[in-house]
Structures are given as C-alpha cells and as structure tokens.
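Beneath this line is the structure, given in structure tokens, with notes to follow.
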Amino acid sequence: MAGALDAALARRSWSKVTDEAPTHEQLLELVAAAGRVADHSSLQPWRIIELRGDDRERLGRAINKAQGDKGVSSKPLRAPLLVAVVASYRKSHKVPRWEQQAVASGVAHVLSLLLDEAGWGVIWRTGHYTRAKAVAKAHGLKKNEELLGWLYVGGKPPTSRPERRKAVDARRFVTRMP
C-alpha cells in the first residue's frame, strides 16, 4: 500500500519536459497496469492513442483548424509523447455512459501516476478543441468515442524546482450521510 500512497502524494503536473520519452514497449507495460481500474461489467470502454513525431504536427494542424486558424499549433510539440485518452463507449443496459467515461478517466489517472512513478514528467491537458470534429477526425475516432484529453509525457528536467503543493485537508471533503 505504501507504494501507491507514496506515488499519489508525490504526483505533480510537469508543464515542461525534456525530449526523452518512454518507449512503445514501456508504455504498453504501464497501460496494461492502468487498465486494471474498476470497470463495471469489464467493458473496457477506453483506448489509448500514442502520438509521437509527425503525429503531433498533424494534431497541431487539427487544433488550428478547429480554432479557425491556419498552420500548425505548437501545443502538441511541448512533449515528445502525447497519449490521447479516448472513452470508447460500449452498448450496455447495466453500465451508463457516464460510468464508462469514469473508467476511461480512471485509466488516464492511474497511467499518469505510473508514468510519474517510472520517472517521467506528465501533465493531463485538455481544451475546448478536445471535442472538435477536426481533432476527432485526426485521431480516427468512431461515432461511439470521445476524446478526454492527452497526457503529455517526457523527461523530468533536472533543473526543475520542486513543486510546493498544498496538502489536501481531507476533513473538508469527507462527510457522513445526513
């Protein structure tokens, strides 16, 4: 238990990363572990899209198109690896859409913890263009899918200052049923 607790307490967002990134094989191992999140009926209503190299420029063009701009947005170039998190909804009479989206979000969060614990800098980025048609098309999303955002992944800069995050006062958030 201490491993998961320590990982959660140490987690932070890394807005600036270096050009190093986990290999495809390393990513697969972490995704396999992240995919173990609680999943009602084991629907696995999610998938991951790995963006490297030119894929990031294609995404940059789609982002600009969604915003009515020409050229390539530099946003996807901020990290060497982008991990697109997709909710891939399954037909189910027992598991509503919101619960399936929660599973996909859970996979993203656990994956970000695992990447951080493995020594990679990670930040989950979204934006109003996350749900834009041009961006969905660039990712090859199907009608039953929604993009939830991207994990930007790279090396942790050695000169980065430690982030001073305020501790969460759990008493503010844990209540009893009235």
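What does the charge add up to near Arg52, with Lys and Arg as +1, Asp and Glu as -1, over the other residues with Cβ less than 13 Å from its Cβ? My count for the surroundings of Arg52 gives -4. Ranking Leu30, Phe173, Ala84 by how far each Cα lies toward the positive end of the dipole of the chain (charges on Cβ) leaves Phe173 at the top. State the label only: which of [x] 18.7, 67; [y] 17.3, 55; [z] 15.3, 42 corresponds to Rg and Dmax of the Cα atoms in Å computed from the shown model? Correct label, based on the coordinates given: [y]. When +1 charges are put on Lys and Arg Cβ atoms and -1 charges on Asp and Glu Cβ atoms, the dipole computed for the chain relative to its Cα centre reaches about 840 debye.
Take every Cα pair under 8 Å in the stretch 3-84 that's 6+ residues apart, average their separations, divide by the length, and report that relative contact order as a whole percent.
Value for the stretch 3-84: 34 percent.
Looking at the chain, the accessible area is 64 square angstrom per residue; that uses a 1.4 Å probe and ignores ligands, DNA and RNA. Please report the relative contact order for the stretch 20-130, taking Cα pairs under 8 Å with a sequence separation of at least 6, and give it as a percent rounded to a whole number. Relative contact order, the stretch 20-130: 34 percent.
Output the pairs from Lys70/Lys133; Lys91/Lys142; Lys70/Lys143; Lys65/Lys156; Lys75/Lys166; Lys65/Lys91 with a Cα-Cα distance over 24 Å in this structure; if there are none, say none. Before the final figure, lay out the partial values.
On the way: Lys70/Lys133 16 Å; Lys91/Lys142 14 Å; Lys70/Lys143 26 Å; Lys65/Lys156 31 Å; Lys75/Lys166 28 Å; Lys65/Lys91 32 Å.
Beyond 24 Å between Cα atoms: Lys70/Lys143; Lys65/Lys156; Lys75/Lys166; Lys65/Lys91.
The values are calculated or read from the model by the stated rules, or taken from the named source; none is laboratory data. It should be emphasised that the depicted structure is a prediction, and the values quoted were computed from it without experimental measurement. Cβ coordinates were reconstructed from backbone atoms using ideal geometry, including for glycine residues, and neighbour counts include every protein chain displayed. Just the protein is used for accessible areas: all its heavy atoms, side chains included, with ligands, DNA and RNA removed. Shrake-Rupley method; radii C 1.70, N 1.55, O 1.52, S 1.80 Å.
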